[in-house]
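K.L.:
Just dropping this structure here.
The values are calculated or read from the model by the stated rules, or taken from the named source; none is laboratory data. Treat the numbers as computed from the prediction; the structure is a model and nothing was measured. Quick reminder, even Gly has a Cβ in these numbers, built from the backbone with ideal geometry, and neighbours come from all protein chains shown.
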Amino acid sequence: MSSLGKGIASASIGFLLKKLGYEVTIQKLDPYLNVDPGTMSPFQHGEVFVTDDGAETDLDLGHYERFLDISLNKRSNHTAGQVYDTIIQNERRGVYLGKTVQVIPHITNEIKRRITSLDNKADIVITEIGGTIGDIESLPFIETIRQFRLTYGAKHCFFIHLTLVPYIAVAGESKTKPTQHSVIKLREIGIQPDMLICRTSTRLTKEMIKKISLFTNVFDENVIEGRDTSCIYDIPILYYEQGVHNIICDYFDIPTTDISFDKLKEYTAKFTNPSRTITIALCGKYVRHQDAYKSIVESLVHAGVDFSTRVNIKSIDTDKLFPKDKVVDDEELQNILKDVDGILIPGGFGVRGIEGKIEIVNYARKHNIPFFGICLGMQCAVIEFARTEFGYKDANSAEFDPETTHPVIDLMPDQKDIEDMGGTMRLGAYPCVLKKDSLAYSIYDTDKISERHRHRYEFNNEYRKKFEEKGMMISGVSPDNHLVEIVEIPDHPFFIGVQFHPEFKSRLEHSHPIFHNFIKAALAYNAKQKTSES
Ligand code: GLN
């Protein structure tokens, strides 16, 4: 079922196989019928992850990229909706010459085509199937992988099933029944799993493993304990210690060796026993959903580990705290933000919570608190600056106030005639040129970068000069100088707003340079606060 950690389990197995020297790639098949995961609500589904080629995908792709340190593309995420859409369009075009169009073979062949077209250079392809065994939606996917083994041969296909072993507090014991029944369901569809990863909050005893093995027909050494960890990056180590890599390699009859985990162990030790702690305010409207800012949270973890620092996240629900028309006063903000060492405003859509975010930018600026604005966060920084420094009281983004006399954030002129909203979104990787002698340049240590985008509105070029005259530096632009990508305030210890989403490029083994420097600035702020207190 969902939320058990299939994505992290798949990514961890990929991590191990990659460490053994294999070229690994990975994809997610989602049984829901939405054609476009980009339109799904972050409240329900968590973050929308964006790839270099501009695909809006399931957040599990973020785990894959972070663990495996590879860049995926649109072929790495498919929904049932997309599969059905292809088949129905084919049918409309007469491709099937009047034959009956059916789940088997048409839908299943299309799924097979999508699995095999992922990457023909990779040694190993990991295909994660979302959903729950026994659900109607996932049936065509499970049926496809059953056929897959038949088509490509048993030795080319290894089935791993992730199950739950719940701890029943009143009985004081963990139960293997749900695992047994889940495997019964799977075998009904014709799949005998080769390995089980049993998610559990306690230890699996030898007896439990034997019992699971007996009832599920899986060798007991292939019953793996997937116990809860405080750090997700411990999971590859846990799997390694149980020989997951050897079991898979032996099955495929490919070489396996020892892997050194010294670096990863040092990493997770810094996460688990950090030498310092700081607090970052994450100010957004989706903070109630714990996965809505997944990549940002992980980017903060990666950057924190660089400094052996735990990054506490103080979630500030801008929608709830700052309802429409509420006047926000400084004292209230002071109360909310008094113990934070840095302020991050993430991306988002729609007007809710905007006025509060603008006030928060103002507070960060006045009180010299490190500030990092991402996409919508950058746009809020631009609006705040125009209101405070130019006295444009109604300065706004045309997204939030189409009638504003000062649309400092607006659609570009060529976007305004496009009627299909989907067509106006800037998606995926775009190059950006950095100004020398800027904070951005010192962060990236190069003048050409590429970052991923997902937004519709842009900095309005008509106001560029005015902003620069008043002290906001435009430090990153598109190579044709047409689009503003980064703004900063040199007269502040750390104030940066970026039109793109750097969180999509932070990796377990390489934190993102902006996050790295943001945490560094927050540590400096924290140290300064402590000295002034004592
Ligand atoms: N809503 C804003 C836009 O469309 C920002 C989007 C975002 O933060 N990803 O431009």
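K.L.:
Quick one: count up the residues across the stretch 302-337 that are charged (D, E, K, R), modelled with pLDDT of 90 or more and in a loop (DSSP other than H, G, I, E, B). Step through it out loud before you land on a result.
P.N.:
Initially, the stretch 302-337 is screened for residues charged (D, E, K, R), giving 306, 310, 314, 317, 319-320, 324-326, 329-332.
Those still in the list that are modelled with pLDDT of 90 or more too: 306, 310, 314, 317.
Checking which are in a loop (DSSP other than H, G, I, E, B) leaves us with none.
Residues that pass the stated criteria total 0.
K.L.:
Could you please find all residues in the stretch 464-514 being hydroxyl-bearing (Ser, Thr, Tyr) and more than 16 Å from the ligand (Cβ to nearest atom)? Steps first, answer last, please.
P.N.:
Looking only at the stretch 464-514, we keep the residues that are hydroxyl-bearing (Ser, Thr, Tyr), and these are 475, 478, 506, 511.
Answer for the stretch 464-514, where residues must be hydroxyl-bearing (Ser, Thr, Tyr) and more than 16 Å from the ligand (Cβ to nearest atom): Ser475, Ser506, Ser511.
K.L.:
Considering Val382, Val340, Val351, which residue is more than 16 Å from Tyr457 (Cβ to Cβ), under 26 Å from the mean Cα position of the chain (by Cα) and touching a residue at least 40 places away in the same chain (Cβ under 8 Å)? Steps first, answer last, please.
P.N.:
On the way: Val382 fails: more than 16 Å from Tyr457 (Cβ to Cβ); Val351 fails: more than 16 Å from Tyr457 (Cβ to Cβ).
Only one candidate qualifies: Val340.
K.L.:
Taking the stated definitions as given, is Ile145 under 27 Å from the mean Cα position of the chain (by Cα) and farther than 29 Å from Ser201 by Cα? Steps first, please.
P.N.:
On the way: under 27 Å from the mean Cα position of the chain (by Cα): yes; farther than 29 Å from Ser201 by Cα: yes.
Spelling it out, Ile145 is indeed under 27 Å from the mean Cα position of the chain (by Cα) and farther than 29 Å from Ser201 by Cα.
K.L.:
With the requirement that a residue be assigned to a loop (DSSP other than H, G, I, E, B) and within 13 Å of the ligand (Cβ to nearest atom), what does the stretch 359-400 give you? Explain how you work it out, then say what you get.
P.N.:
Taking the stretch 359-400 first, the residues assigned to a loop (DSSP other than H, G, I, E, B) are 367-370, 375, 391-395, 398-400.
Correct list: Cys375, Ala398, Glu399, Phe400.
K.L.:
To continue, here is another question. Going through the stretch 401-414 one residue at a time, which ones are surrounded by 13 or more Cβ atoms within 10 Å (Cβ to Cβ) and within 16 Å of the ligand (Cβ to nearest atom)? Please lay out each step first, then the result.
P.N.:
Keep residues of the stretch 401-414 that are surrounded by 13 or more Cβ atoms within 10 Å (Cβ to Cβ), which gives 401, 404, 406-412.
Those that are surrounded by 13 or more Cβ atoms within 10 Å (Cβ to Cβ) and within 16 Å of the ligand (Cβ to nearest atom): Asp401, Thr404, Pro407, Val408, Ile409, Asp410, Leu411, Met412.
K.L.:
Which of the numbered conditions does Asp447 fail, given that it passes all the others? Conditions: (1) within 16 Å of the ligand (Cβ to nearest atom); (2) touching a helix residue (DSSP H, G or I) at 6+ places or on another chain (Cβ under 9 Å); (3) farther than 21 Å from Cys380 by Cα.
P.N.:
(1)
K.L.:
Search the stretch 111-135 for residues being over 22 Å from Ala11 (Cα atoms) and under 27 Å from the mean Cα position of the chain (by Cα), and hand back the single one that is modelled with the lowest pLDDT.
P.N.:
To start, the set of residues in the stretch 111-135 that are over 22 Å from Ala11 (Cα atoms) comprises 113, 134-135.
After this cut, where a residue has to be under 27 Å from the mean Cα position of the chain (by Cα) as well, the list is 113, 135.
Numbers: Arg113: 96, Asp135: 92.
The residue in question is Asp135.
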